[in-house]
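Quick note: the coordinates plus some simple rules give every number you see, no bench work behind them. All of these numbers come straight from a predicted model, not from anything done at the bench. No Cβ is skipped: glycine too gets one built from the backbone with ideal geometry, and neighbour counts run over all protein chains shown.
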Amino acid sequence: RQRSAYELQTLTTWLLDLEKEGVIDNELAAVISSISTACKQIGSLVNRAGISNLTGLAGEQNVQGEDQKKLDVISNEVFANCLRSSGRTGVIASEEEDQPVAVEETYSGDYVVVFDPLDGSSNIDAGISVGSIFGIYEPSPECSIDDMDDPEEMMKKCVLNVCQAGNELLCAGYTLYSSSTILVLTVGKGVYGFTFDPLIGEYILSHPDIKIPEKGKIYAFNEGNYQLWSEEQRQYIDSLKSPDLWGGKPYSARYIGSLVGDFHRTLLYGGIYGYPGDKKNPNGKLRLLYECAPMSMICEQAGGKGSTGFKRVLDIVPEKVHQREPLFVGSKWEVEYLESVLQGKPMP
Ligand code: P6P
């Protein structure tokens, strides 16, 4: 049937279509919808941070030892509140919380949600893009939470529920708060982007079935860490800057210090984003559960790759909630080239 001119494809109708096809059930749709609501609220707070005294530090540190911004704390509460009120979330794990928590308000669904409520928040005060990142799992069958458990047993089960390999993700997504608020997600059948229209309060389908270019011309690394990198890592970056290797024009460097912004550009334009391990932090800086794995699922679903340089990110079973891993994510060609250089092997 021909869609009429005013028939909008929104996140809501997209989720309903997936339910009709049996790709997701209405419980998962409810969790995704609650996340989209949290992102509407966070987007509004971010856009008005400078005029509602929400810039600056909260005066606390998070489990990562990072100074929390006021908006880090608020975004975390907004995310948790929306997930609780969905009634379908069993356990939540946040970058801003030391431990994962079981959600009392659950009455069905029991989904496990991992999230970084406001990634790149050091950019807030300068008005540079920030984002939210999330992933959704089924609860682990062998450690279902029941309220008879003692607190220690409950905590152990919560940790087991969130420490699942990225391969188990049912849904992964991010919301970019930038020149517009864009929600990008996958439920395992391709990657779809929705731009928020504040005039009608809906996410409108703007990027159907995103495919990352096979090869790009942009790399996004913090070269301030160059001296700390391995010899092979330096060789890789040096080669991207050698004009004669690329028909006379080297790669361009783009780095905004905000994973969601750097990733979104990489997804649409191609190339590679990398946060290598180095002499000071052998596992790099990014967290596996709510940064590396969701971004890797999205990238693979768009035809790209997500690697630690030595293994596929989605194959890693986390041992700790806040475990860090090196991350190289982007076009197949650039990631495979990096793997070949780091591993001292010829290009495939
Ligand atoms: P650096 C933000 O803190 C973050 O987690 C990512 O969003 C970003 O890509 C990276 O760290 C930036 O880290 O060390 O380059 O400032």
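Net charge around residue 12, counting only other residues with Cβ within less than 14 Å of its Cβ (Lys, Arg = +1; Asp, Glu = -1)?
Net charge around residue 12: -3.
State the volume of the convex hull built on the alpha-carbon positions of segment 309-348, expressed per residue in Å³ and rounded to an integer.
76
Keeping to pairs on different chains or 8 or more places apart, tell me how many lysine pairs in segment 220-348 have Cα atoms under 25 Å apart.
27
Just to verify a number: FRET efficiency for residue 242 and residue 122, C-beta to C-beta distance, R0 = 30 Å, to 0.05?
0.40
Could you compute the net charge surrounding residue 119? Neighbours are other residues with a C-beta less than 9 Å from the C-beta of residue 119; K and R count +1, D and E count -1.
So the surrounding residues net to -3.
If you split all Cα-Cα distances of segment 148-223 into 5 Å bins from zero, what percentages do you get per bin, shortest first?
In order of increasing distance, the bins hold 3, 11, 14, 14, 15, 14, 11, 9, 6, 2, 1, 0 percent.
Helix hunt in the chain: which complete DSSP H runs extend at least 30 Å axially by C-alpha with mean Kyte-Doolittle at least 0.5?
Both cut-offs are met by 26-47.
Taking a quarter of the surface of the convex hull around the Cα atoms of segment 18-152, what do you get in nm²?
Orientation-averaged projected area of the Cα hull: 9.5 nm².
Viscosity 0.692 mPa s, temperature 37 °C: Stokes-Einstein D of the chain from its Kirkwood Cα radius, in µm² per second?
Estimated diffusion coefficient is 159 µm²/s.
For segment 258-348, which trypsin sites (Lys or Arg not before Pro) are in a loop by DSSP, counting at most 14 other Cβ atoms within 10 Å?
Filter output for segment 258-348: 279, 280, 311, 320.
For the chain, what does -39500 (n - 2.57) per DSSP helix run (n ≥ 4), summed and divided by total residues, give at 222 nm, in deg cm²/dmol to the nearest 500?
-9000 deg cm²/dmol
Scanning the chain for chymotrypsin sites (Phe, Trp or Tyr not before Pro) in DSSP loops with at most 14 other Cβ atoms within 10 Å, what's the longest stretch left with none?
108-309
Projected area of segment 202-348, taken from the Cα convex hull and averaged over every viewing direction, in nm²?
The directionally averaged projection comes out at 9.7 nm².
Normalized C-alpha radius of gyration of segment 131-180, against 2.2 N^0.38 Å?
Cα-based Rg divided by the globular estimate yields 1.51.
Could I have the simple spin-label model distance between residue 255 and residue 26, label points 7 Å from Cα toward Cβ, reported in nm to one decimal?
4.9
Restrict the search to segment 34-139; then list the trypsin sites (Lys or Arg not before Pro) that DSSP places in a loop and that have at most 15 other Cβ atoms within 10 Å of their Cβ.
Qualifying residues, ordered by number: 48.
What longest range of the chain stays clear of loop-exposed GluC sites (Glu not before Pro) (DSSP non-H/G/I/E/B, at most 12 other C-beta within 10 angstrom)?
106-213
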